[in-house]
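Here's the structure, in structure tokens; my notes come after.
The values are calculated or read from the model by the stated rules, or taken from the named source; none is laboratory data. Source: prediction; values computed, not measured. For neighbour counting, all protein chains shown are included, and Cβ atoms are generated from backbone atoms with ideal geometry for every residue, glycine included.
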Amino acid sequence: MASRKRKRKEIDRDRKILSEWLAMGKTDEMSQTAMAEELRQITNADYTLSQQQISYDLTYIEKEWKESRIENVHKAKMRELEKLKGYERMARKGWDRSIKEKEKHKRKVKNEAGERTKEIQVETEDPIGDPRFINSLVKISKHRAKIMGFEAAQKHEVTGKDGGPVEITEVVVEMPEDNEQ
């Protein structure tokens, strides 16, 4: 007589147990046939699981974990990009303030023979712009490109003098002495 099929609730329960075993490394220590038998004993199941079904369930769990990690990485990237937007807004506001015409007010109070006179001078400065804000915007842009994976892979090479090959001048190999002579 063939064993009955598992119900959705039983599949979920079995996969939960298998995922715990997988997380603990228990699946590396026992065969899938042994896992099927132990799972049946733990759950008092009235159905039989084959080695193949255990293999399918483990594959399903690992696929779920991978998708979950991808989703978590995506969410983390989105959070970081949102932070960068805020920093970029602040840097742009700072830059905008730094390029506006500025007025300097100077107030002088003179005390001549008991009389007070006030002198107010208004000077206008030409906007130059603070380069620190531009540097911040460039760094933000580079960081955004890195998060989104726009940066090309970089190749690093070790070269010798004038870009030539590395010269090996001496190789020393120490051999242990044989004390059994």
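Among the residues of region 30-87, count how many are basic (K, R) and under 15 Å from the mean Cα position of the chain (by Cα).
Residues that pass the stated criteria total 5.
Scan S50, S3 and give me the residue that is hydroxyl-bearing (S, T, Y) and without any contact (Cβ under 8 Å) to a residue 24 or more places away in the chain.
Only one candidate passes the filter, namely S50.
Being on the phi < 0 side of the Ramachandran plot and in a helix (DSSP H, G or I) is the requirement here; does R13 meet it?
Judged against the criteria, R13 is a match.
Determine whether S98 is modelled with pLDDT of 90 or more and surrounded by 10 or more Cβ atoms within 10 Å (Cβ to Cβ).
The answer is no for S98.
Go through L58, L18, L84, L22 for me and flag whichever is at pLDDT below 90, in a helix (DSSP H, G or I), out of contact with any Phe, Trp or Tyr (no Cβ under 8 Å at 6 or more places or on another chain) and surrounded by 12 or more Cβ atoms within 10 Å (Cβ to Cβ).
Going through L58, L18, L84, L22 in turn, just one is at pLDDT below 90, in a helix (DSSP H, G or I), out of contact with any Phe, Trp or Tyr (no Cβ under 8 Å at 6 or more places or on another chain) and surrounded by 12 or more Cβ atoms within 10 Å (Cβ to Cβ): L22.
Results for (1) assigned to a loop (DSSP other than H, G, I, E, B); (2) surrounded by 11 or more Cβ atoms within 10 Å (Cβ to Cβ), shown as yes or no for each residue.
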position	(1), (2)
S3	yes, yes
A36	no, yes
T48	yes, yes
N72	no, no
R79	no, no
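Answer yes or no as to whether K63 is over 30 Å from R15 (Cβ atoms) and either modelled with pLDDT under 85 or not in a strand (DSSP E or B) (or both).
No: the conditions fail for K63.
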